[in-house]
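Down below is the structure, laid out as structure tokens.
The values are calculated or read from the model by the stated rules, or taken from the named source; none is laboratory data. In this text, all values refer to a predicted model and were calculated from it rather than measured experimentally. No Cβ is skipped: glycine too gets one built from the backbone with ideal geometry, and neighbour counts run over all protein chains shown. Just so you know, the surface numbers come from the protein's heavy atoms only, side chains and all, with ligands and any DNA or RNA stripped out. Shrake-Rupley method; radii C 1.70, N 1.55, O 1.52, S 1.80 Å.
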Amino acid sequence: MNKKRISIITLIVGLVVLAVGVAFLIIRLTASPGIADGEYLVSIGKWKLQGEGCEQLKCGEDTKCANSAGETTTVCANDGVVWNFTEVGKGTLTTNNHVNDYDFVWALEDGKLKIETEWLYTMDNTYEYSLDQGANILTLTSGAETITFVPAE
């Protein structure tokens, strides 16, 4: 009787493990494949600088920041800064609404975004990056500086 009970318990545990395995297999096979960060940057294309934790108010040509009391305080965002990831490894950027556009090459390696920009001289920048594909937010960190980008309309 004891051997029969152990066999039945083993069979039941085996069937439960099998059912869980089949469920995970089905979930894995039906889930849409995730897109790589580099491909996602290119699929969005143009990313603009976002103000840090403030509402953007248009005042003529200026974008200003409103504090929690609703007072306009400082310039916190510049719609003129746009990074355009045109293809994997290449792009253009502007800091003044396309009065001047500059080419750059980029790479994503080990959680870092490396950018080499052909400005007045060649600039090499490396940022730690975080890309939230669900919220469409690209966050770059270099030392104490944090820069946030969102898709440009």
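Examine segment 113-126 for a residue that is among the polar types (S, T, N, Q) and touching a residue at least 40 places away in the same chain (Cβ under 8 Å), and state whether such a residue exists. No, there is no match, as no residue in segment 113-126 is among the polar types (S, T, N, Q) and touching a residue at least 40 places away in the same chain (Cβ under 8 Å). So which strands (runs of 3 or more DSSP E) stay within segment 15-133 end to end and still have 2 or more residues that are at pLDDT 85 or above, open to solvent by 50 Å² or more (accessible area, probe 1.4 Å) and out of contact with any helix residue (DSSP H, G or I) (no Cβ under 9 Å at 6 or more places or on another chain)? Answer list for segment 15-133: 101-109, 112-118, 122-132. Taking segment 134-153 as the search range and keeping residues that are small (Gly, Ala, Ser) and touching a residue at least 12 places away in the same chain (Cβ under 8 Å), which one is least open to solvent (accessible area, probe 1.4 Å)? Of everything passing the filter in segment 134-153, 152 is least open to solvent (accessible area, probe 1.4 Å).
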